[in-house]
Structures are given as structure tokens and as C-alpha cells.
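Here's the structure, in C-alpha cells; my notes come after.
Quick note: the coordinates plus some simple rules give every number you see, no bench work behind them. Source: prediction; values computed, not measured.
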Amino acid sequence: MIVHIVMFKFKDESKDINLQKTKELLEVLVDLIPTLNSMEVGINFTHTDRAFDLSLYSTFDTKEDLESYVVHEEHLKVVDFIKSVTTESKVVDYIL
């Protein structure tokens, strides 16, 4: 199994609204992208300098399935929105 984790820092402008919208947009992808097995999206409640605002944890059967997800049209729509409301992101992909 492949695990894909991404963390985001959001711009201050409309932050709470954008966090909720991002969470909703990401969670819908499970029903739209066949290679995406599961996704958990969490909004952080800790407000420290080290903290990111939102994280996602998703799983795939293979690396190829992850690669298919990354270029999927529905995922790219969400990516465009996320890029417009965030300042930073970090990713970790690993085999479980």
C-alpha cells in the first residue's frame, strides 16, 4: 500500500472559509478517482510557528495508482484552488 501525506499552510485572507472548502473538495475525490482508496483530511487546531493548517492522508494500491491520481483531471481542479489559497505545502509518500 502507498501512503500519500500532504500538509498545507494557508493564507490569512478568508482562512477559515478556505480551509473548509479545501476539506470538502478533497473529500469528494474519493468518489471521483478510482485509484484513490481512502482519504482523511484534517484541519489543525494547534497554532504554533511549526504548525501547518491542513493535512491529508490518502492511500493507493500502487505507485502507479498514485501517479494516476496526481494527473487526474478532478484532482488538478482541486490543486488549482489549493494553490490559490495556500502559501506552502509539504509532501511525504511511502510504502506501508
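For the chain, what D do you get in µm² per second when you plug the Kirkwood radius from alpha-carbon pairs into Stokes-Einstein at 10 °C and 1.306 mPa s? Could you put the intermediate results ahead of the total?
Working: Rh = 13.7 Å.
Here the translational diffusion coefficient equals 116 µm²/s.
Apply the a/c threshold of 1.5 to the C-alpha gyration tensor of segment 57-96 and tell me whether it is rounded, prolate or oblate.
Details: a/c = 3.27, a/b = 1.49, b/c = 2.19.
Taking the square roots of the gyration eigenvalues as a ≥ b ≥ c, segment 57-96 is oblate.
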